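What follows is one structure encoded as structure tokens, with my remarks underneath.
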Amino acid sequence: MSRITPRFAALSREGRGALIPFVEAWDPDAATSMSLLRGMPAAGADLIELGIPFTDPMADGPIIQAAGKRALKAGAKVAHVLAMVREFRRQDDATPIILMGYLNPILSYGSDRFCADAAGAGVDGLIMVDLPTEESDMLVPHATAHGIDIIRLVAPTTDDRRLPLVLDGSSGFVYYVSITGITGTRSTTAEHLGAAIPRIRRVTDLPIAVGFGVRSPVQAAEAVRVADAAVVGSALCSTIATNLGKPELVRNVLDQVRELATGVRVARVHV
């Protein structure tokens, strides 16, 4: 079993939702990225999404695209991302790590080899943005064989007929893409989530995380009032971009994670 299910179970017993920050691996460089990853649990991250840099990230907006370009310029490769997780596990064997990315680098690496190496490094889950449900056999059997959760994306355009098909074979949690479009361009609303999340819950017992439209502590709080987790990526990558070359980059990003975590932790207290 991956670390994801026990972590959500523990949070449920505590009566609170989860904060899942996202950063691109090796953004802006290996050492800074490693410092951010190591500091996130203490700053309030309950789970962490780590992006695999890719040259053609079609679901990402300009902020995360820029983060990926910085990482690639720094020399990031799939093997480097796995090495980051392996290094992180030397100090933290509890915080779930989910890799988020695109299928092409995985196929180039080799699906079974990638899943074996990811499991060995301490990866708990995979989110492949462009993996079609109908072609999931390219990755899912290998991930399952190595105990890695495959986390499915559900969009506002996923209708009731397709929803069970999309979620078939999924594990860990469900990632709800709360806007129609790319990351970091618009924000979701409490009204939209209030209608969308119950529709997904009718089909699955898995926890539901809300992403793509969550940027602030207030929005993160709104997300966990109806769902189980809030994913914040573009806002953190934007802070990295505005602090490039500054010695306070890591501190400022982790302070932002703390603010987001506070929003998530008090969200249900004030319902």
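The values are calculated or read from the model by the stated rules, or taken from the named source; none is laboratory data. Everything numeric here is computed off the predicted structure, so don't read it as measured data. Heads up, the Cβs are rebuilt from the backbone with ideal geometry, glycines too, and the neighbour counts pull from every protein chain shown.
Restricting segment 1-41 to residues that are in contact (Cβ under 8 Å) with a residue 12 or more places away in the chain and surrounded by fewer than 17 Cβ atoms within 10 Å (Cβ to Cβ), which is nearest to the chain's Cα centre (by Cα)?
Only one residue fits best here, namely 39.
Of all residues in segment 42-77, count the ones that are under 28 Å from residue 5 (Cβ atoms) and surrounded by fewer than 21 Cβ atoms within 10 Å (Cβ to Cβ).
Counting residues in segment 42-77 that are under 28 Å from residue 5 (Cβ atoms) and surrounded by fewer than 21 Cβ atoms within 10 Å (Cβ to Cβ) gives 4.
State yes or no: is residue 148 out of contact with any Lys or Arg (no Cβ under 9 Å at 6 or more places or on another chain), crowded, with 22+ Cβ neighbours inside 10 Å and within 22 Å of residue 177 (Cα to Cα)?
Spelling it out, residue 148 is indeed out of contact with any Lys or Arg (no Cβ under 9 Å at 6 or more places or on another chain), crowded, with 22+ Cβ neighbours inside 10 Å and within 22 Å of residue 177 (Cα to Cα).
Report yes if residue 130 is out of contact with any Pro (no Cβ under 6 Å at 6 or more places or on another chain), crowded, with 20+ Cβ neighbours inside 10 Å, outside any strand (DSSP E or B) and modelled with pLDDT under 95, otherwise no.
no
Specify which of the listed residues (33, 12, 2) is in contact with a strand residue (DSSP E or B) (Cβ under 8 Å, 6 or more places away or on another chain), of a type in the set (Ser, Thr, Tyr) and assigned to a helix (DSSP H, G or I).
Only one candidate passes the filter, namely 33.
Taking segment 184-225, which residues are assigned to a helix (DSSP H, G or I) and at pLDDT below 90?
The answer is 190, 191, 192, 193, 194, 195, 196.
Could you please find all residues in segment 30-52 being more than 13 Å from residue 233 (Cα to Cα) and among the charged types (D, E, K, R)?
Result: 38, 46.
For segment 233-262, what are the residues that are touching a strand residue (DSSP E or B) at 6+ places or on another chain (Cβ under 8 Å), part of a helix (DSSP H, G or I) and of a type outside the set (A, V, I, L, M)?
Across segment 233-262, the qualifying residue is only 237.
Only one of 119, 76, 71 is in a helix (DSSP H, G or I), among the small types (Gly, Ala, Ser), touching a helix residue (DSSP H, G or I) at 6+ places or on another chain (Cβ under 9 Å) and over 24 Å from residue 136 (Cβ atoms); which?
Exactly one residue qualifies, and that residue is 71.
Just checking, does segment 8-15 include any residue being at pLDDT 95 or above and touching a Pro at 6+ places or on another chain (Cβ under 6 Å)?
Yes, there is a match, as at least one residue in segment 8-15 is at pLDDT 95 or above and touching a Pro at 6+ places or on another chain (Cβ under 6 Å).
Sort out which residues of segment 36-84 are out of contact with any strand residue (DSSP E or B) (no Cβ under 8 Å at 6 or more places or on another chain), under 28 Å from residue 207 (Cβ atoms) and of a type in the set (Asp, Glu), and write them in order of number.
If the condition is that a residue be out of contact with any strand residue (DSSP E or B) (no Cβ under 8 Å at 6 or more places or on another chain), under 28 Å from residue 207 (Cβ atoms) and of a type in the set (Asp, Glu), then 60 is the only one that fits.
Suppose the filter is more than 15 Å from the chain's Cα centre (by Cα) and buried (at least 18 other Cβ atoms within 10 Å of the Cβ); does residue 88 pass it?
When the stated conditions are applied, residue 88 passes them.
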